Amino acid sequence: MPDLSVFGARAAWSPLLFLIIAGVAVLYVLATNVYRQDWFPEAAKVSARKQTSFLSGLALLYFALGGPLDLAGHLWFSAHMGSMAVAYLLAPPLILYGIPEWLYRTALRKPAVQKLFSVFTKPLLGLLSFNMLFSFYHLPAIHDMIMTQYVVHTIYYAVLLVAALMMWWNVVAPLPEYERLTDVKKMGYVFANGVLLTPACALIIFAPEPLFATYSDPLVWAKALGYCVPLQVDAILSQFGGPGQFAILPPLDDQQLGGILMKLIQEITYGSILYYNFVRWYKRENAEDRIDPLEPLQPVK
């Protein structure tokens, strides 16, 4: 395993993103613990489970987009796909679940915010926006362009995160009044997400040759790495060589592993959500059919 420490601490642990994530975490702790009764007098206590969920989601998001996994994602396509899976499939539902209902409702008091929120949480919009943005990003020419343009890279990743939160909102449904899907429809919604994500993964897994210049062309690789390492392209090439110096697998094998990894994490995540919603639906159906023990039995005719 190549030593990533040669790139320095700044490359492995993005200071700017750390400050942003840490700031959000501090505000969350202050609002839900330290100053909850002062800032939100009628707010209920937030359970340790929800707090752990939110903070874990933030930690995963930072690790995937600003930590060592992000740096590794500029060296190996498989690490890149792992980073995408963690950032957009694992972190968003944890973050959404961890925010207490009273905090959502406080943010939604203004009619303009409420109207905007009702649009962005429409199930079909979340379903299509996330999967289209994710699939579009993994077209080879688009991927290489985004990976080598700092501003475009930052904006696209932020938009993709918003789309992931929109998609996951309809699965997690933190507010009852905004729960637009029944348990059965949620299962169909999750299944549809898996189907829409499959073509992009299949393209990557079954491609006969490496698709992304970011992981095979030294110049493109060095330009993309410059997003993490504060050096010019020539300096990166002279100091670190090309992508082959850090390769663990041949480019095509690494690419196929990345596609398989994304599909595997997606299947495990969506499968777990499907199972949870199926159990919840089954329990509700049986609870509705259950005979009230206080109701007298009718005589058999």
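The values are calculated or read from the model by the stated rules, or taken from the named source; none is laboratory data. Since the model is a prediction, treat every value here as computed from it, not as a measurement. In this analysis, Cβ positions are derived from the backbone assuming ideal geometry, glycine residues included, and neighbour counts consider all displayed protein chains. Side chains included, ligands, DNA and RNA excluded: accessible areas come from the protein's heavy atoms. Shrake-Rupley method; radii C 1.70, N 1.55, O 1.52, S 1.80 Å.
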Exercise for review: Give the residue that is nearest to the chain's Cα centre (by Cα), with candidates limited to residues of the stretch 133-147 that are part of a helix (DSSP H, G or I) and without any contact (Cβ under 8 Å) to a residue 24 or more places away in the chain.
Suggested key: Tyr137
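Mind checking which helices (runs of 4 or more DSSP H) fall wholly inside the stretch 148-234 and carry at least 2 residues that are aromatic (Phe, Trp, Tyr) and surrounded by fewer than 20 Cβ atoms within 10 Å (Cβ to Cβ)? Talk me through it step by step, then tell me what you get.
Values: elements: 150-172, 183-205, 218-225.
Of the helices (runs of 4 or more DSSP H) lying wholly inside the stretch 148-234, those with at least 2 residues that are aromatic (Phe, Trp, Tyr) and surrounded by fewer than 20 Cβ atoms within 10 Å (Cβ to Cβ) span 150-172.
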Review point. If Glu101 satisfies every condition in (1) under 18 Å from Trp168 (Cβ atoms); (2) touching a residue at least 60 places away in the same chain (Cβ under 8 Å); (3) buried (at least 20 other Cβ atoms within 10 Å of the Cβ) but one, which is the exception?
Key: (3)
Check your understanding: Would you call Ile265 over 30 Å from Tyr215 (Cβ atoms), open to solvent by less than 70 Å² (accessible area, probe 1.4 Å) and modelled with pLDDT of 80 or more?
Key -> no
**Study point:** Qualifying position, being at pLDDT 95 or above, within 25 Å of Pro230 (Cα to Cα) and in a helix (DSSP H, G or I), among Leu61, Leu69, Leu55
**Key:** Leu61
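Sort through Leu75, Leu116 and tell me the only one that's modelled with pLDDT under 95, out of contact with any Cys (no Cβ under 8 Å at 6 or more places or on another chain), aliphatic (A, V, I, L, M) and within 29 Å of Gly244 (Cβ to Cβ).
Values: Leu116 fails: within 29 Å of Gly244 (Cβ to Cβ).
Going through Leu75, Leu116 in turn, the sole match is Leu75.
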Point to revise | Selected residue (only one of Leu96, Leu75 is more than 19 Å from the chain's Cα centre (by Cα) and either among the hydrophobic types (A, V, I, L, M, F, W, C) or assigned to a loop (DSSP other than H, G, I, E, B) (or both)) | key: Leu75
Check your understanding: Assuming Leu17 fulfils every condition listed in (1) more than 23 Å from the chain's Cα centre (by Cα); (2) free of Cβ contacts under 8 Å to residues at least 60 places away in the same chain apart from one, which condition is it?
Key -> (1)
Check your understanding: Ser5 versus (1) surrounded by 18 or more Cβ atoms within 10 Å (Cβ to Cβ); (2) among the polar types (S, T, N, Q); (3) over 20 Å from the mean Cα position of the chain (by Cα): which is the lone unmet condition?
Key -> (1)
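Among the candidates Ser129, Ser118, single out the residue that is in a helix (DSSP H, G or I) and within 20 Å of Thr269 (Cα to Cα). Full working, then the answer.
On the way: Ser118 fails: within 20 Å of Thr269 (Cα to Cα).
Only one candidate passes the filter, namely Ser129.
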Point to revise | Selected residue (only one of Phe63, Phe77 is surrounded by 15 or more Cβ atoms within 10 Å (Cβ to Cβ), within 24 Å of Ile204 (Cβ to Cβ) and free of Cβ contacts under 8 Å to residues at least 24 places away in the same chain) | key: Phe63
